[in-house]
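Worksheet: the structure to be examined is printed underneath.
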Amino acid sequence: MDPATRELIWHNLWPMLKATVTATLPLTAISFVIGLAIAVGVALARMSSKRVLSLPARCYISIIRGTPLLVQLFIVFYALPQFGIVIDPFPAAVIAFSLNVGGYAAEVVRSAIMSVAHGQWEAAESLGMTYPQTLWYIVFPQAARIAVPPLSNTLISLVKDTSLASTILVTELLRTAQLAAAPTFDFFALYGVAALYYWVICLVLGFGQTRLETRLSRHVALARR
């Protein structure tokens, strides 16, 4: 590696780290939390016996899963202004990513809820618990252990997908690398650093996933005693 490339990398380590902390990670966290809330609502609607709830939920999941994330981003940021709806880059990215996570995670949440034995629902009903109470105290804790691995994969995928936000002018990690490399056209070096940052984040999330799975398994084991 020549000295100029080393200097370029050194001078951009902090700006890229700053973009990671101030844009990439917040974008990931906000989008995942909102998307997970959407997923729970859509999953419950999808399980409903009322077609007025289940049909829109099915359509939503089908549309989200059947269209590219990049197209969804472009619709929110570039197409909506044609109807007078102008959204700044970061909120537009949050909206698109949240809707995308909601569509994919809804089926994960639904399958996790359905994996809980029907006898658990009947036992809660016999105790006089309401539907929300049954979900919160009985079903969700058990479903969480099953949902954690696929939801963690969704979160890790979201971290990497945030790089698409650069296409709608969000100054996150990848866009910072692009702007820094543009004057010298030394894209390989800075893209390599960006890839390293993404990899480290995913490693940390993977470690957290393992710890969370262990804690949930212990909790379920204690609850069964």
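Any read-out appearing in this document is the output of simple, stated calculations on the displayed coordinates, not a laboratory observation. Because the structure is a prediction, the values reported are computed rather than measured. Please note: Cβ atoms are built from the backbone with ideal geometry, for glycine as well, and neighbour counts cover all protein chains shown.
Data overview
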{"read-out": "Added length on full extension, which subtracts the Cα-Cα distance from 0.36 nm per residue, residue 29 to residue 202", "value": "61.0 nm"}
{"read-out": "Debye, to nearest 20: dipole size of the range 106-178, +1 on Lys, Arg Cβ, -1 on Asp, Glu Cβ", "value": "220"}
{"read-out": "Tilt relative to the chain, helix 187-224 - C-alpha long axis, 0 to 90 degrees, to 10", "value": "20"}
{"read-out": "Listed residues 82, 209, 120, most fluctuating in the chain (Gaussian network, C-alpha, under 10 Å)", "value": "82"}
{"read-out": "HN-Hα J in Hz across the range 52-63 - Karplus 6.51, -1.76, 1.60, θ = phi - 60°, x for Gly and Pro", "value": "5, 9, 6, 5, x, 5, 4, 5, 4, 4, 5, 5"}
{"read-out": "Likely footprinting exposure, 113, 85, fewest C-beta neighbours within 10 Å first", "value": "85, 113"}
{"read-out": "Cα-centred dipole magnitude for the chain, charges only on beta-carbon of K, R (+1) and D, E (-1), debye, nearest 20", "value": "780"}
{"read-out": "Phi-based couplings in Hz for the range 112-123 (Karplus 6.51, -1.76, 1.60; Gly and Pro marked x)", "value": "5, 5, 5, 6, 5, 4, 4, x, 5, 5, 5, 5"}
{"read-out": "Per-residue ³J(HN,Hα) for the range 76-87, Karplus 6.51 cos²θ - 1.76 cosθ + 1.60, θ = phi - 60°, Hz, x for Gly and Pro", "value": "5, 8, 9, 8, 4, x, 5, 9, x, 9, 9, 10"}
{"read-out": "Length gained when the stretch residue 167-residue 111 is fully extended (0.36 nm per residue, less Cα-Cα span)", "value": "16.8 nm"}
{"read-out": "Spin-label model distance (nm) - residue 129 vs residue 53, 7 Å beyond Cα toward Cβ", "value": "1.8"}
{"read-out": "Degrees separating the helix 25-47 axis from the principal Cα axis of the chain, which is the longest one", "value": "30"}
